[in-house]
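For reference, the structure is listed below as structure tokens.
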Amino acid sequence: MRRSRVNRLLSFAMLLVASWVVMTFLHELGHVIGGWLGGGTLVDCELAPWHLPYSLHIPDPHPRWTLWAGPLFGVITPAVAALIIRRPWATFIADFCLLANGCYLALAWPSGDRLLDTPRMLAAGIHPLEIAAFCAITIGIGYPRFRSDCRQRLAPDEPDEGQAS
């Protein structure tokens, strides 16, 4: 059975929204967990994906750990979930999270906005090459994977063998 173009586009759009929600939530949850494991005290947090999610730990005895926990948790958790679930939609979300976390750190760098992760990482003493390596790996792997996912999602279904095209 062939899916209509409208159905493909609607399901693609819904999957993009779901991917965004998963990515922002898991990334920020990683910061929350990282801060907690590092002995920080969470004093404020916003996890809603329609705002700029943030978490504030005061004191934060290990800010490097807290800062790296966001993108690492935001990449590893959906990848592990996709391996367990083994469905194309889960792989799509995992690949989106991989690409988005790398792009976020790369784009936050030149912005200079002191509230974004990359400037905070640099201020905490994380070496720029560490951040660049994370960005290169996640974007280098994530882009071709996510592009392929998008092409598969948006491609028209093949006609049935007995059906004329």
Magnitude of the Cβ-charge dipole of the chain, K/R +1 and D/E -1, about the Cα centre, nearest 20 debye? 380
With only helices counted (DSSP H, runs n ≥ 4, each -39500 (n - 2.57)), the per-residue ellipticity at 222 nm for the chain, to the nearest 500, works out to -24000 deg cm²/dmol
Solvent-accessible heavy-atom area per residue, rounded to whole Å², over the chain at 1.4 Å: 60
Over the chain, calculate the relative contact order: mean separation of alpha carbon pairs under 8 Å at least 6 apart, over the residue count, as a percent. 25
Using the Karplus curve 6.51 cos²θ - 1.76 cosθ + 1.60 with θ = phi - 60°, work out ³J(HN,Hα) for each residue of the range 128-133 in order, rounded to whole Hz, and write x for Gly and Pro. x, 5, 5, 5, 4, 5
Compare the peptides 60-73, 22-35, 131-144 by average per-residue count of other Cβ atoms within 10 angstrom and give them in order, highest first. 22-35, 60-73, 131-144
The long-range amide H neighbours of H57, using H built 1.01 Å from N in the peptide plane and a cut-off of under 5 Å, are V43
Just need the Rg to Rh number for the range 59-106, please, alpha carbons only, Kirkwood Rh. 1.10
To the nearest 10 degrees, how steeply does helix 63-85 sit against the main Cα axis of the chain, on a 0 to 90 scale? 20
Over the range 38-91, what percent of the accessible surface lies on carbon and sulfur atoms, probe 1.4 Å? 70
Provide the per-residue ³J(HN,Hα) series for the range 38-50, in order, calculated from phi with Karplus coefficients 6.51, -1.76, 1.60 and θ = phi - 60°, each as a whole number of Hz, with x at glycine and proline positions. x, x, x, 10, 6, 10, 7, 7, 9, 10, 5, x, 8
Reported to two decimal places, what Rg/Rh ratio describes the chain when computed on Cα atoms with Rh from the Kirkwood expression? 1.08
Taking the mean number of other Cβ atoms within 10 Å as a proxy for protection, how do you rank 93-101, 120-128, 75-83 from highest to lowest? 93-101, 75-83, 120-128
Cα-based shape type of the range 17-90, given that a ≥ b ≥ c are square roots of the gyration tensor eigenvalues and the cut on a/c is 1.5: oblate
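The values are calculated or read from the model by the stated rules, or taken from the named source; none is laboratory data. Computed from a predicted structure; not experimentally measured. Please note: Cβ atoms are built from the backbone with ideal geometry, for glycine as well, and neighbour counts cover all protein chains shown. These area figures cover heavy atoms from the full protein model, side chains too; ligands, DNA and RNA do not enter into them. Shrake-Rupley method; radii C 1.70, N 1.55, O 1.52, S 1.80 Å.
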